[in-house]
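This report refers to the structure that appears directly beneath it.
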Amino acid sequence: MIDMAEGIQTVTDVEKVNTAFAEMSAPDRMIWLHQHYGSRLILSSSFGLQAAVMLDLVRKHAPQIPVVWIDTGYLFPETYQYAEHLIESFGIEVSVYQPKISAARQEALYGKLWEQGKEGSARYGLINKIEPMNRALKEFGADIWVSGLRRSHSSSRAHRHFAEQQKSTLKVYPILDWADAQVAAYFYDNNLPKHPLESQGYQTMGDWHSTSPVDEGGSVESSRFDGEKYECGLHLDSDTPDFQI
């Protein structure tokens, strides 16, 4: 990018990360991120099916990066149990961020938002996911959000880059280019515990009311929100209204 006022070439953080990550392994990406951005970083974890990979990479290569868990209040019981197991066995500190409105209060005031079409789903995402994540970024003073998104997750993620600027937040995906086989190999090589629902046919993980096992011959994308969409309501496009600070 050229700064016309100064007549000099400047490189954005997006360009810097995308260029650096192209030739690095995931562990080296974590080390590089912390070396270059330090306290600006925060890692979010869903404690879903592959969560152990990012948590393990951080604890081994950049343990100074804070970890936050966006707890919607609607996760599977097995997810809560898995989270406690990982936190204890990994010896990591996790900051839990929850909606300001409890699940019971939400349903009393608004009904079951996830059953109310696109408008209800968007409102649900803002209350339970986006607002808590925004609060985490503000309270940690972070403007770089590290996440475990991968291109192979879904068609909606297939063309993402390692780094994306979304308003004032830089989102970075250190394992974006990992195939499912690489994730499986990392679990095996590092003896990582798996989410208990994986053995019951779940190939992706979210809230209990919007996630189902994958039927034989079915697609992973069809197992979220009855196949109407895949994105959970947190990892949205950068031009989505009210998205991030």
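The values are calculated or read from the model by the stated rules, or taken from the named source; none is laboratory data. Remember, predicted model here, so these are calculated numbers, not experimental data. Glycine gets a Cβ as well: all are built from the backbone with ideal geometry, and neighbour counts include every protein chain shown.
Identify the residue in the stretch 52-65 that is surrounded by fewer than 21 Cβ atoms within 10 Å (Cβ to Cβ) and either closer than 21 Å to Q98 by Cβ or basic (K, R) (or both) and, among all such residues, is farthest from the chain's Cα centre (by Cα). Ranking the candidates gives K60 first. The set of residues from the stretch 71-91 being assigned to a loop (DSSP other than H, G, I, E, B) and within 16 Å of the chain's Cα centre (by Cα) comprises D71, T72.
Looking across the stretch 92-125, the residues that are loosely packed, with under 15 Cβ neighbours inside 10 Å, basic (K, R) and assigned to a helix (DSSP H, G or I) come down to R105, K118.
Just the residues that are among the aliphatic types (A, V, I, L, M) and modelled with pLDDT of 95 or more, please, taken from the stretch 29-50. Of everything in the stretch 29-50, those that are among the aliphatic types (A, V, I, L, M) and modelled with pLDDT of 95 or more turn out to be M30, I31, L33, L41, I42, L43. With a requirement of 3 or more residues that are under 24 Å from K167 (Cα atoms), the helices (runs of 4 or more DSSP H) lying completely within the stretch 13-70 that satisfy it span 13-21, 26-37.
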